[in-house]
Amino acid sequence: MLITFEGIDGCGKTTQIGLLTAYLREIGRNVLTLREPGGTEFSEKIRDLLLHSKDKLTPQSELFLFEAARADLIEKVIKPALDKGTIVILDRFYDSTTAYQGYGRKIELSVVKEINRLAISGLKPVITFFLDVPVEISYERSNHRNLDKIEQSGDAFFNRVTEGYRTIANEESERIIIIDGTKEKEEIFQIIKDKIIHLFM
Ligand code: Z5A
């Protein structure tokens, strides 16, 4: 079972993934938690290039790098884990690419979706939690640290990404659960836990 979390920077994904992982382990499930880009040696190198290299990347190069990292992670780690019955929780997946490179960087959406399709080779999450926070909250929550390359893309970019996420979530409402990410951490986790328990029944 593949579960994914989406949303702009600082929306609370890492926090909720930590809570969900602990809960699932407590009830005796095998869980593997991963983040994109990353999770293999090759994908971590790509992550470093994408977030920290001094080279200016074109939107297209950025798109291909995210997809290359994804394809490597799926084949080497995610598919083998799912085959063993492990629950895989993924911090970002192809919805991030549609939101950031499609809506944010303005690469034609049909192209982004086609390249996503190629990279994921049929793998789909059973459920996706989209933590929706306004851009101002995202900035507030991340203003204590140095911003990476993508985080430096500006307000207009992040507003497009946010609207993009909302559109994607409305288009795929049977898979994507929209949660108000400005609620208290515990309240958000209760919503997530209820949905997960429902999935297991
Ligand atoms: N990217 C892309 O462009 N295309 C792609 O295809 C993919 C990714 C896969 C990866 O960044 C970047 O790559 C990302 C998108 C792009 N760039 N941006 N921008 P990352 O992995 O380094 O980081 P992130 O995923 O963007 O976010 P994050 O820093 O890990 O934040 P988070 O996981 O969403 O939030 P958090 O760490 O759980 O919480 C942040 C803070 O808020 C922390 O202090 C918490 O204690 C606090 N918090 C959390 N929840 C709450 C609530 N409910 N109330 C108050 N405070 C809270």
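Values in this text are rule-based calculations from the coordinates and carry no lab data. These numbers come from a predicted model, not from an experiment. Backbone-built Cβ (ideal geometry, glycine too); neighbour counts: all protein chains shown.
Put a plus charge on the Cβ of each Lys and Arg, a minus charge on the Cβ of each Asp and Glu, and nothing anywhere else: the dipole of the stretch 105-181 about its Cα centre is then about 320 debye. Multiplying each eigenvalue of the alpha-carbon gyration tensor of the chain by 5 and taking the square root yields semi-axes of 25, 21, 16 Å, largest first, rounded to whole angstroms. With the chain treated as a Gaussian network of Cα nodes joined by springs under 10 Å, which of Ile27, Ile17, Ile120 yields the largest mean-square fluctuation? Maximum among the listed residues: Ile27. Placing +1 on the Cβ of every Lys and Arg and -1 on the Cβ of every Asp and Glu, with no other charges, gives the chain a dipole of roughly 420 debye about its Cα centre. For the stretch 23-125, the list of trypsin sites (Lys or Arg not before Pro) that fall in a loop by DSSP and count at most 10 other C-beta atoms within 10 angstrom reads Lys54, Lys56, Lys84. Restriction of the trypsin sites (Lys or Arg not before Pro) in the stretch 136-169 to DSSP coil positions whose beta-carbon has at most 15 other beta-carbons within 10 angstrom yields Arg145.
If the chain linking Asp83 and Thr14 were pulled fully straight, counting 0.36 nm for each residue of separation and taking away their Cα-Cα distance, it would gain 22.4 nm.
The simple spin-label model puts a point 7 Å past each Cα toward its Cβ; for Ser61 and Lys45 those points are separated by 1.6 nm. Relative contact order of the stretch 2-200, taken over Cα pairs closer than 8 Å and 6 or more residues apart, is 33 percent.
Label separation (Ala71 vs Glu187): 4.4 nm, computed from points 7 Å beyond Cα along the C-beta direction. The lysines whose alpha-carbon is closer than 16 Å to the alpha-carbon of Lys84, local same-chain residues fewer than 8 away aside, are Lys76. When the GluC sites (Glu not before Pro) in the stretch 154-201 are filtered for DSSP coil states and for at most 11 other beta-carbon atoms within 10 Å of their beta-carbon, the remaining sites are Glu174, Glu184. Summarising the amide proton neighbourhood of Ile177: residues at separation of 5 or more, or on other chains, whose placed amide H is nearer than 5 Å comprise Thr128, Phe129, Phe130. Listed by chain and number, the aspartates and glutamates placed with their C-alpha closer than 13 angstrom to that of Lys56 are Asp148; residues fewer than eight positions away on the same chain are left out. Once you have a ≥ b ≥ c as the square roots of the Cα gyration tensor eigenvalues for the stretch 134-193, tell me rounded if a/c is under 1.5, and otherwise prolate or oblate according to whether a/b is larger than b/c. Note, shape of the stretch 134-193 comes out oblate.
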